[in-house]
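Taking it in order: structure first as structure tokens, then the write-up.
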Amino acid sequence: MLSFQIQKPDTTIISALQNKIDNLTKPKNSLGRLEEIALQIGMIQQTLSPALLHPTNVIYASDHGIADEGVSKSPKEVTRQVIHNFLNGGAGICFLSRQHGFDLKIIDGGVDFDFPEMPQLINRKIRKGTRNFLHEPAMTHEEMDLAIQYGADIVTDCFHSGCNIISFGEMGVGNTAASSMWMSCLTQIPLIDCVGAGSGLDKKGITHKYNILSQALNHYQGDYSTKDIMRYFGGYEMVMAVGGMLRAAELKMTILIDGFIMTNCVLAASKLYPEMFSYCIFGHCGDESGHRLVLEYLQAKPILSLGLRLGEGTGAICAYPIIDSAVRMINEMHSFQQAAITKYF
């Protein structure tokens, strides 16, 4: 598997950043999370005047063999239909990207459909969907390595285009099932607490989903290492996201984290390289069962709680204006000295 050289941000700058924040014209700590976010981004960028450049949302897409077991309300063809909606600008992520000035990149990592060549869709198809992990590993070792490489290479391209803040989204019918398996295996949280409605299953559907995933877990004969869990239960789009996140951390980019699926990708990425976690800002806590639990396991502090469960990167981009406000605070507010105001705390 591709290796990464990820360094935890140098913390020696923290005291200078905190001093600058504390001397802005406000009571100490009165801007709450904005101050925390500004401190984190300043530390990531190693500057007292951080900047957000060319924000980009990368969507990796792939189909899942486990979808054949009826673990999702959506049929498998929805994956390629939603990809077309992305490309036509009509999806939820599209209006949010336009609203907040995000570049949007769509990657076919393993959709079970032959798309025509088109410049808006980046073709990195490994296979037409993963295998059904109820019966066999979802992917081979070689396919997992290729997914990591492809995911990382996309982020390298974004970085060379001037991006220093990146979010990730996903599309793939069945990927909440795969994410539930990652979550349970990597946290030891009982599987039943990790399984939710996904794209809209009712109570009976959730019970069926849990029963299928429980059978798959009982069939698993691997070593429970992070790499083996990723390979056996993951989707190509999820493994690509792990590779993308690790490359973003290696390049010292700020990483905005979306919902349940992307949070489980951070879970896997941080098991492989704990240093990457310092580069992550969590956009929101969604409504998918298990999301709050995995956030608590990671001791992550999401910015928003809007009842979102769409995925695609929507929750991360919804949180972006808060992050922008934090950076504007540290750059645009005057200090007490500049404003000739007596420090009043």
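Only a single item in (1) over 26 Å from ALA67 (Cα atoms); (2) assigned to a helix (DSSP H, G or I); (3) not aliphatic (A, V, I, L, M) is not met by LYS227, and it is number (1). Among the residues of the range 131-174, the one identified as more than 30 Å from GLY42 (Cα to Cα) and either part of a strand (DSSP E or B) or not assigned by TED's automatic domain parsing to the domain that holds ILE66 (or both) is MET171.
Applying the selection to the range 101-124, what residues are surrounded by 17 or more Cβ atoms within 10 Å (Cβ to Cβ) and either in a strand (DSSP E or B) or within 20 Å of the chain's Cα centre (by Cα) (or both)? If the condition is that a residue be surrounded by 17 or more Cβ atoms within 10 Å (Cβ to Cβ) and either in a strand (DSSP E or B) or within 20 Å of the chain's Cα centre (by Cα) (or both), then PHE102, LEU104, LYS105, ILE106, ILE107, ASP108, GLY109, GLY110, VAL111, LEU121, ILE122, ARG124 are the ones that fit. Counting the residues of the range 196-212 that are part of a helix (DSSP H, G or I) and in contact with a His (Cβ under 9 Å, 6 or more places away or on another chain) gives 0. Of the set (1) of a type in the set (Gly, Ala, Ser); (2) in contact with a Leu (Cβ under 8 Å, 6 or more places away or on another chain); (3) farther than 20 Å from GLU237 by Cα; (4) assigned to a loop (DSSP other than H, G, I, E, B), all apply to SER72 but (3). Taken over the range 233-256, the residue count meeting the criterion of being in a helix (DSSP H, G or I) and surrounded by fewer than 24 Cβ atoms within 10 Å (Cβ to Cβ) is 1.
Rundown of residues vs (1) surrounded by fewer than 21 Cβ atoms within 10 Å (Cβ to Cβ); (2) closer than 19 Å to ARG309 by Cα; (3) touching an Asp or Glu at 6+ places or on another chain (Cβ under 8 Å), yes/no style:
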| residue | (1), (2), (3) |
| --- | --- |
| ALA38 | no, no, no |
| LEU48 | yes, no, no |
| LEU52 | yes, no, yes |
| THR56 | no, no, yes |
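Of the residues contained in the range 24-32, none is found to be under 30 Å from ALA138 (Cα atoms), modelled with pLDDT of 95 or more and of a type in the set (Ser, Thr, Tyr).
Every test in (1) in a helix (DSSP H, G or I); (2) crowded, with 24+ Cβ neighbours inside 10 Å is passed by GLN215 save one, and that test is (2).
Going by what's in this entry, would PRO274 be described as over 10 Å from the mean Cα position of the chain (by Cα) and either free of Cβ contacts under 8 Å to residues at least 24 places away in the same chain or under 28 Å from PRO137 (Cβ atoms) (or both)?
Details: over 10 Å from the mean Cα position of the chain (by Cα): yes; either free of Cβ contacts under 8 Å to residues at least 24 places away in the same chain or under 28 Å from PRO137 (Cβ atoms) (or both): yes.
Yes: the conditions hold for PRO274.
When restricted to residues that are touching a residue at least 40 places away in the same chain (Cβ under 8 Å) and in contact with a helix residue (DSSP H, G or I) (Cβ under 7 Å, 6 or more places away or on another chain), the range 182-215 contains 16.
Given the options ALA300, ALA316, ALA326, name the one that is in a loop (DSSP other than H, G, I, E, B) and closer than 22 Å to ALA38 by Cβ. Exactly one residue qualifies, and that residue is ALA300.
With respect to the conditions (1) within 15 Å of SER179 (Cβ to Cβ); (2) charged (D, E, K, R); (3) more than 13 Å from the chain's Cα centre (by Cα), LYS301 falls short on a single one, namely (1). Among all residues of the range 285-301, there is at least one that is buried (at least 24 other Cβ atoms within 10 Å of the Cβ), in contact (Cβ under 8 Å) with a residue 24 or more places away in the chain and either among the β-branched types (Val, Ile, Thr) or farther than 27 Å from GLU136 by Cα (or both).
Inside the range 161-212, can you point out the residues that are β-branched (Val, Ile, Thr), surrounded by fewer than 24 Cβ atoms within 10 Å (Cβ to Cβ) and more than 16 Å from THR263 (Cα to Cα)? Walk me through it before giving the result.
If we filter the range 161-212 for residues that are β-branched (Val, Ile, Thr), which is where we start, we get 165-166, 173, 176, 187, 189, 192, 195, 206-207, 212.
Next cut, surrounded by fewer than 24 Cβ atoms within 10 Å (Cβ to Cβ) only: 187, 189, 192, 206-207, 212.
Once the filter is applied, which keeps residues that are β-branched (Val, Ile, Thr), surrounded by fewer than 24 Cβ atoms within 10 Å (Cβ to Cβ) and more than 16 Å from THR263 (Cα to Cα), the range 161-212 yields ILE192, ILE206, THR207, ILE212.
Within the range 261-288, the set of residues being under 22 Å from ILE192 (Cβ atoms) and outside any helix (DSSP H, G or I) comprises CYS285, GLY286, ASP287, GLU288.
The values are calculated or read from the model by the stated rules, or taken from the named source; none is laboratory data. Every value quoted in this text rests on a predicted model; they were computed, and no experiment measured them. Heads up, the Cβs are rebuilt from the backbone with ideal geometry, glycines too, and the neighbour counts pull from every protein chain shown.
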